[in-house]
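Have a look at the structure below, then the notes.
The values are calculated or read from the model by the stated rules, or taken from the named source; none is laboratory data. All values reported here derive from a predicted model rather than from experimental measurement. Cβ placement follows ideal geometry from the backbone for every residue including glycine, while neighbour counts extend to all protein chains displayed.
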Amino acid sequence: MPHRSLRFTSAAVGLAALTTALTAHQPAQAATDRIRLGSASDVSRASWNGPAFTMNGAGGVVAASMARAVDDIRGATGSLDVVVLSGSSPTSGSKTPECDTITGLAGVNSCTTWTLTAANDGNSSQVNADVRNAEFVYFAGGDQCRYAAWKGTALEASVESVVAKGGGSGGGSAGHHINSPIVYDACNGSVTSSEALANPYDRYISFTTGMFQWANYGGVVNDSHFVTRDRMGRTMAFLARSVKDGLAPGGAAWGVGVEEGGGSLFLDRDGMATQYGKDAYVVLADHQPEQAVDRKPLTYSGFKIWRLTPGSTFDFKNRPTCGYYLRSVTNGVAEANLYNGTPVTNCGSQGGGGALAESEPNDSRDTADDATGLASPASLSGTMKSTSDRDYFKLSVNAGQTVTVNCAVPSAYDADLYWLDANGSTLERSVGDGLGTDEALSFTRTGSGTGTYYLDVEAYSGSGAATYACAVTKS
């Protein structure tokens, strides 16, 4: 492999291209503020390949999932424009923290931050012009009640138009909440798990529905900062309420809780989700609660819970009926171990594909672990046992297929990713800098028939027993 010091990344190339770009700071009207980074002119293109969505557990952009969204939408060619919507300005540091990350990604032509402080700002002509000309809209962290206030304004329709043309949407924390069809809007205040379980009709629990309805994501209530702030209990209460009050179609409500600290759920145009960075949880309430009434504690038996570790997948289009563990709530008290459990039934990876853990020795093509028989999406996992460790996986790709690989790398080490042909030549690579930096690449086979390829995960610095997880999707 080439020495690390000679490597380059597409993100670095994209950043260099933007060093001479225009930065404009323009107040548009009394209640709004506009800052544009990158090119002053929007990209013009006939068609896009999305939609794609990023659902983040905290407010910040997760570079790995955002880079994948950008690549999916633009089909890995050309560039696109991004708009960040915020309900308030940062109190310290950069005024454009989301765009600072986004403009460093390959394929980004511009990133415009709009700060909107009043509900009627959603009808601003310049805001809506920028959004409609963009290919991705990112909702920053903050207050989802402010975002819910844009329901029925021109801005709602503008964001929907971006997704409809093959672009995308996403956000973190409050921005994650607003991207689900059933929004816990927090307009009456924030509720804790203990409060919600003690009374699922607590005055702090309020919902906004009918704003954004993304394909394959029906019946979902998003939640953020999930494990750190112990929000499983309140999500259970939200789901019981959604079923009881008829907010979810078909009598089934789904919770998607994403952890902070780099957690991001990426959803592609076919409804397949891939988890990045930290864990996420999918929680299903598929029957009426035994007790969900005002001023009485919740009783609900048998919430179905899928834990999505980094690199694992979940098929929201064809939602699995296996791979979950069960937890109940009785008189407002949830069972122990809400965030871990043994699946009642096993269906391989959460998305219904296959899973393969490395087996040493696998430090060469001749000793590669054979993943050719795994269904897509597949999950490959292993550890970097030393600073010179290499893990090889053998895969097959049919003519015309595109393979996308997304690896969640633990903070104990820095690992690189190489895609090799049958002779060992490097065709694609991902060599992000830093401990815990996730890696991703894609490859399209143009030849006829089926070809044999190798995925090489190799250590650059650090080592340990922490597991990396690579999601491999063929389309």
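Whether any residue in region 379-392 is within 22 Å of residue 72 (Cα to Cα) and either surrounded by fewer than 17 Cβ atoms within 10 Å (Cβ to Cβ) or touching a Ser or Thr at 6+ places or on another chain (Cβ under 6 Å) (or both) is what I want to check.
yes
Here's the yes/no breakdown for (1) touching a residue at least 12 places away in the same chain (Cβ under 8 Å); (2) not in a helix (DSSP H, G or I):
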position	(1), (2)
43	yes, yes
58	yes, yes
68	yes, no
71	yes, no
83	yes, yes
91	no, yes
101	yes, no
126	yes, no
130	yes, no
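Does region 110-143 hold any residues that are among the hydroxyl-bearing types (Ser, Thr, Tyr) and crowded, with 24+ Cβ neighbours inside 10 Å, and which are they?
110, 112, 113, 138
Name the single residue that is farthest from the chain's Cα centre (by Cα) among those in region 448-469 being hydrophobic (A, V, I, L, M, F, W, C) and at pLDDT below 90.
465
Can you tell me how many residues in region 248-275 are closer than 10 Å to residue 219 by Cα and either part of a strand (DSSP E or B) or among the charged types (D, E, K, R) (or both)?
The total comes to 3.
State all residues of region 198-247 that are β-branched (Val, Ile, Thr), buried (at least 18 other Cβ atoms within 10 Å of the Cβ), part of a loop (DSSP other than H, G, I, E, B) and under 22 Å from the mean Cα position of the chain (by Cα); if no residue qualifies, say none.
Residue satisfying the conditions is 227 alone.
Which one of these is within 20 Å of residue 169 (Cα to Cα), without any contact (Cβ under 8 Å) to a residue 40 or more places away in the chain and assigned by TED's automatic domain parsing to the domain that holds residue 312: 277, 219, 251, 210? I'd like the intermediate steps shown before the answer.
Details: 277 fails: without any contact (Cβ under 8 Å) to a residue 40 or more places away in the chain; 251 fails: within 20 Å of residue 169 (Cα to Cα); 210 fails: without any contact (Cβ under 8 Å) to a residue 40 or more places away in the chain.
Of 277, 219, 251, 210, the one residue that is within 20 Å of residue 169 (Cα to Cα), without any contact (Cβ under 8 Å) to a residue 40 or more places away in the chain and assigned by TED's automatic domain parsing to the domain that holds residue 312 is 219.
Could you tell me whether residue 68 is modelled with pLDDT of 95 or more and surrounded by 15 or more Cβ atoms within 10 Å (Cβ to Cβ)?
No, not satisfied.
Please go through region 307-327 and pick out each residue that is under 17 Å from residue 233 (Cβ atoms) and either surrounded by 15 or more Cβ atoms within 10 Å (Cβ to Cβ) or within 23 Å of the chain's Cα centre (by Cα) (or both).
Hits for region 307-327 are 307, 325, 327.
Of the residues that sit in region 430-469 and are in a loop (DSSP other than H, G, I, E, B) and of a type in the set (D, E, K, R), which one is surrounded by the fewest Cβ atoms within 10 Å (Cβ to Cβ)?
433
Condition first: of a type in the set (Asp, Glu), under 23 Å from residue 146 (Cβ atoms) and surrounded by fewer than 24 Cβ atoms within 10 Å (Cβ to Cβ). Now tell me which residues in region 71-109 satisfy that.
Result: 100, single match.
Which members of region 427-455 meet the condition of being over 14 Å from residue 404 (Cα atoms) and of a type outside the set (A, V, I, L, M, F, W, C)?
Result: 432, 433, 434, 436, 437, 446, 447, 448, 449, 450, 451, 452.
I'd like the full set of residues that are under 21 Å from residue 274 (Cα atoms) and either of a type in the set (Val, Ile, Thr) or free of Cβ contacts under 8 Å to residues at least 40 places away in the same chain (or both), limited to region 369-425.
372, 373, 375, 383, 397, 402, 403, 404, 405, 409, 419
When you look at residue 172, is it buried (at least 24 other Cβ atoms within 10 Å of the Cβ), closer than 18 Å to residue 50 by Cα and not aromatic (Phe, Trp, Tyr), yes or no?
no
Of all the strands (runs of 3 or more DSSP E) wholly in region 340-429, which have at least 2 residues that are touching a helix residue (DSSP H, G or I) at 6+ places or on another chain (Cβ under 8 Å)?
402-408
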